[in-house]
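Below is one structure, written out as structure tokens; comments come after it.
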Amino acid sequence: MADTTPTDGQTTPEVEDVQATVSRRRKRDRFRGWFANRRMNTKIQMVVLLVTVVSIGVVVLSVVKLDTVNSSVHSLQRDNLVPITELAAMQKQAQQSWIDMSNLAEATSASSRQDWLNRIHEQDTVLDTAMTAYMAHAARKDLVTKFQSVWSDYRLTRDSTAIPMVIAGDRAKYAQVREDKLAPATEQAFGLIDQMTTVEQSDAQMTVTRSDSTFRNAVTFIIGWLLVGVALAVGLAMFLAHLVTSPLRRVSRVLRAVAEGDLTQTARVDSHDEVGTMAQDLNTAVASLRRAIATMATSAGTLAISSEELSATSQQIAASAEETSAQANVVAAASEQVSRNVQTVAAGSMEMGASIHEIAQNATEAARVAQSAVVHAAETNAQVGKLGDSSQEIGNVIKVITQIAEQTNLLALNATIEAARAGDAGRGFVVVANEVKELARETARATDDIAHRVQTIQGDTAVAVRAIGEIGDIIGRISDFQTTIASAVEEQTATTNEMNRNVHEAATGSTEIANNINGVATAAETTTAGVAQTQQAAAELAHLSSELQTMVARFRY
């Protein structure tokens, strides 16, 4: 095998062919890129301009070729038709002159002979005029000159010999001259006319052939140019259609993927025309939508966690409310017991003198019950305080949920704006964004409802705290009263009236204790109902979060 390795400074034909191919491909790619970066109206105008140039070229060429055909027609008329017409006039006048000479010979009167002579001379004048006109266009002027010579000899013989013989009445000599001189001259003249006619017809046929060839060449040339122009226009139009439809198919593929929930696709269009700008805008819109969906997914997860925390907190509040209700029932029972004991003390105060020992026992029992009531009131106050702390935690959770709902609403609004920028392709995302925005609004309304209910619970809790504080004060006073009663048993007789008054106050205080405890129980029940509503709102919030997560899960980003 021959060594094809190029020496230094030399290249093989194969390398040169490859380099030439690469160079042509680069030029073609540069032209393709240049043409692809032109605006759509520029591309269409270029196609229209090409068609216009081709049309103008075809029209100009048609005019030029038709002018050539027209020149051929004029040449046929000027160089062939007119000479043939003039030659025919010469032949007609020559024949008529020959016939008039025969008529002259047959005339019987002097007047008729004179008429025929006049006609012969007129025919000579007309023939000379036609011959002069034909001489200017004759194809064979030598034949015309020869005809003039022959016809001049004919006239000379006719005028000098034949006509005098006819006038003299010498028909025999005229017939001899006619046979010997006039007839051969006319035959020779008519033969020359036939030759000239043949020449003119041949020349006319050549002109017709040239005109026909010119016409066929013009038709072929025009059709060829028209086909070339149509081919160029069709090729450029197909090239333009490829440059337009290929990026449009990429954009359509991305839009179809987005409609199916796939936000990972991008339209790879490198041109800078309207389609390229549209593809870049679509990529920007999809990227913005991708970020919005990612943020929405994160917010949905945070919302789900917050709803779970709210549900757990509401359960704790419910347990605390139930405990508060149970403690309130215990305190109510104790207050009823205190009330009964005070009534007993009141009844026994009338028999103080006889039942001082029993009073002492009742006073001791009342002191013990009051101390127990103080302990229970303190526990109830602590539980209600926990209820207030729990309601404060609910308020903090509600603030977090409200912030999430506001952020979700803002993200939905951004998604709506980005979808609106995408035009018809973003209508589905407008619907999704509106649904997300509606979910955010429902979340905001639910959190507002929860906030109002928690505020109600906090208000009721504050009232319960104040009531329990008053209960503690009253129970403390009862304890003081019982201590006073125990220490003043010995002075009962002297202070019976004072004791009756104090017992009456104790009875009133025990009634107030019972009423306050009932208020605490009612507040606990209200708290329980509010907690149930809070749990329901938390469940709705969890449902909304689940729907939002399901909706976001439709997209791949």
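Details
- Here Ala529 and Thr483 are evaluated by their C-beta separation; at R0 = 41 Å the FRET efficiency comes out at 0.50.
- The local environment of Leu127, defined by Cβ-Cβ distances under 15 Å, has a net charge of -3 under the rule Lys, Arg +1 and Asp, Glu -1.
- Per-residue extension of 0.36 nm, minus the Cα-Cα distance of Thr245 and Ala333, leaves a gain of 22.9 nm for this segment.
- Full-stretch length increase - Val228, Arg368 - with 0.36 nm per residue and alpha-carbon distance subtracted: 38.2 nm
- Exposure proxy shown here: for Glu418, Glu336, the number of other Cβ atoms within 10 Å sets the order, fewest to most, as Glu336, Glu418.
- In this simple spin-label approximation, Val47 and Asn103 carry label points 7 Å from Cα along the Cα→Cβ vector, and these lie 7.8 nm apart.
- Under 10 Å, Cβ to Cβ, from Gly261 - net charge with Lys/Arg +1 and Asp/Glu -1: 0
- Exposure proxy ranking, count of Cβ atoms within 10 Å, fewest first, for Leu413, Leu156: Leu156, Leu413
- Net charge contributed by nearby residues that have their C-beta within less than 10 Å of Thr284 (K/R +1, D/E -1): -1
- Distant-in-sequence amide H partners of Asp262 (H built 1.01 Å from N, under 5 Å): Arg556
- Sorted ascending by nearby beta carbons within 10 Å, beginning with the fewest, Thr443, Thr266 become Thr266, Thr443.
- Cβ-derived FRET efficiency at R0 60 Å, Val64 paired with Ala259, nearest 0.05: 0.55
- Full-stretch length increase - Ile167, Arg445 - with 0.36 nm per residue and alpha-carbon distance subtracted: 85.6 nm
Values quoted throughout were computed directly from the atomic coordinates according to the rules given, and no laboratory measurement underlies them. In this text the structure is predicted, and so the values were computed from the model without any measurement. Cβ atoms come from the backbone with ideal geometry, glycine included; neighbour counts cover every protein chain shown.
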